[in-house]
1. For chain B, with a Gaussian network of springs between Cα atoms less than 10 Å apart, report the residue from B:ILE89, B:ILE210, B:ILE202 with the top mean-square fluctuation.
2. Work out the mean other chain Cβ neighbour count within 10 Å for the residues of B:47-56 and drop it here as an integer.
3. How much length is gained on full extension from A:THR87 to A:VAL67, taking 0.36 nm per residue of separation minus their Cα-Cα distance?
4. Counting only Cα atoms, I'd like the Rg/Rh figure for the range B:31-256, Kirkwood definition for Rh.
5. In whole percent, how big is the carbon plus sulfur part of the accessible area of the range B:31-256, probe 1.4 Å, protein atoms only?
6. Roughly how many Å² is the accessible area per residue of the protein assembly as shown, as a whole number, for a 1.4 Å probe?
7. If the only charges are +1 at each Lys and Arg Cβ and -1 at each Asp and Glu Cβ, what is the size of the charge dipole of the range B:31-256 around the Cα centre, to the nearest 20 debye?
8. Grab the alpha carbons of the protein assembly as shown, take their convex hull, and tell me the volume per residue in Å³.
Amino acid sequence: MANSRFSLLTEAAVGAMMLLGGIALFFLAMQVSNLGGFKRVSGYQVEARFDNIGGLKVRSPVTMAGVRIGEVSSIGFDSTTYEAVVTLDLLPEFNQVPTDTFAKILTQGILGEQYIGLDPGGSEQYLQQDSEITMTQSAFVLEEIVGQFLFSKAEESSTGGGF
Amino acid sequence: MNWFASIGRRGINVLRNLGRALLLLMAILRAPHGLVTRFREFLAQLYSVGVLSLLIISVSGVFVGMVLGLQGYYILSRFAAESTLGVFIAASLVRELGPVVTALLFAGRAGSALTAEIGLMKATEQLSALEMMAVNPVSRLLVPRFFAGVVSVPLLAAMFNALGVLGGYFVGVGLMDVDTGTFWAQMQSQVDFDKDIINGVIKSVVFGVICTWIALFQGYEAVPTSEGISRATTRTVVHSSLAVLGMDFVLTALMFGD
């Protein structure tokens with residue numbers, strides 16, 4: 001063919017474009033999205049009950065000392081005790097979490113995402129599959145705190161604020 | 001009376017054109033064997049439609065990403081939320097700006113060229129000559145061009161997104177001193193592969209179909225004069241841009257409005 005050189009160049013350029021497109025998509029998948037980040041290896045499930053979970057969502061992180069050791073796998077509601085039942089999916093390598101661990105719902109920054117922070121207790125026994133964290137602290141709800149603050153201010157001025 | 005008739009005539013014309021466009025699309029889709037028999041042509045079209053659009057797509061991607069980085073940083077730093085700059089850049093690129101801007105650039109860069117090419121073939125009676133020789137111009141000419149467009153737009157959009165993220169990274173981390181770790185970590189935790197990236201790819205495939213379809217239809221139906229071709233080229237860019245923007249709204253509502 002007379003134009004075989006041209007078509008070879010064309011094919012090479014097309015091949016390069018397809019390769020670049022593939023690389024770009026791979027980059028997006030691994031570097032930009034959650035596909036390359038936190039691996040979803042299912043570990044063991046632990047239950048925790050909260051009076052109020054605020055803005056906690058499924059897949060919210062579970063951390064200990066700030067290190068991510070799992071995520072929230074489901075959120076349910078107990079209609080007899082009116083409590084939220086949160087199932088935590090902890091990674092298998094973190095299998096030495098004491099049974100008297102304290103679970104708190106914390107907020108990243110002032111208005112950020114909510115997550116569960118675990119404070120380890122001193123027990124020698126460790127949490128197993130399906131065990132329950134009994135000591136919990138509810139989410140920080142801004143309106144309640146502001147309400148309490150205003151209430152205590154009002155009380156202060158009505159009792160002691162005379163002068 | 002005449003006034004009503006003129007409105008009616010326009011309406012009928014719009015519907016007639018839509019019908020013809022749909023018939024052309026069906027004719028293209030019914031002859032995908034043109035892709036196999038004309039594989040060389042398909043590659044050549046991928047080159048002229050896709051590879052030659054690389055430069056404009058890459059440069060626009062980098063600059064759009066850099067502008068997002070700057071604007072995002074100015075606004076987010078007011079709320080002490082610079083750590084979410086990566087999310088802001090990646091999500092807006094992958095979900096909306098990547099597919100849409102790529103499609104708009106593609107319509108201007110490649111769609112207009114396709115229309116002019118097909119339109120000139122029609123004006124110089126090459127299409128009639130093909131038919132005279134019992135060669136189907138749809139499978140011979142339109143099928144390779146159509147699939148070249150449909151394949152290139154998602155690839156170009158992926159490159160636009162990737163370069164945009166890198167441009168935003170350059171501005172955010174390089175110039176504005178956002179922390180590298182937070183930039184990527186926040187992005188990875190907030191951008192979902194299935195919901196964001198796959199939906200973005202689906203969007204760009206749809207836009208590729210729309211842009212190439214409109215371009216080929218306008219060329220194929222162009223009035224075979226120099227004025228007709230110039231009008232058809234203009235209509236390609238205008239119609240493609242409007243269709244892409246309108247379709248983007250519909251797709252976004254379907255994909256992200258749960």
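The values are calculated or read from the model by the stated rules, or taken from the named source; none is laboratory data. This one's a predicted model, so the numbers in the text were calculated from it and none came from an experiment. Note that we place each Cβ from the backbone using ideal geometry, even for glycine, and neighbour counts take in every protein chain shown. Ligands, DNA and RNA are stripped out before the accessible areas are found, and what is left, the full protein with its side chains, is counted by its heavy atoms. Shrake-Rupley method; radii C 1.70, N 1.55, O 1.52, S 1.80 Å.
1. Among B:ILE89, B:ILE210, B:ILE202, the largest mean-square fluctuation in the Gaussian network model of chain B belongs to B:ILE202.
2. Values: counts 9, 1, 0, 5, 9, 2, 1, 5, 0, 0.
Averaged over the peptide's residues, the number is 3.
3. Numbers: separation 20, 0.36 × 20 = 7.20 nm, distance 1.85 nm.
Gain in length upon complete extension: 5.4 nm.
4. Numbers: Rg = 20.2 Å, Rh = 18.6 Å.
For the range B:31-256, the value is 1.08.
5. Details: 6550 of 9590 Å².
The value for the range B:31-256 is 68 percent carbon and sulfur by accessible area.
6. Values: 22460 Å² over 421 residues.
With the other protein chains kept in place, the protein assembly as shown gives 53 Å² per residue.
7. Numbers: 12 positive and 14 negative charges, 85 e Å.
It works out to roughly 400 debye.
8. Values: hull volume 118.1 nm³, N = 421.
Cα-based convex hull of the protein assembly as shown, divided per residue, equals 281 Å³.
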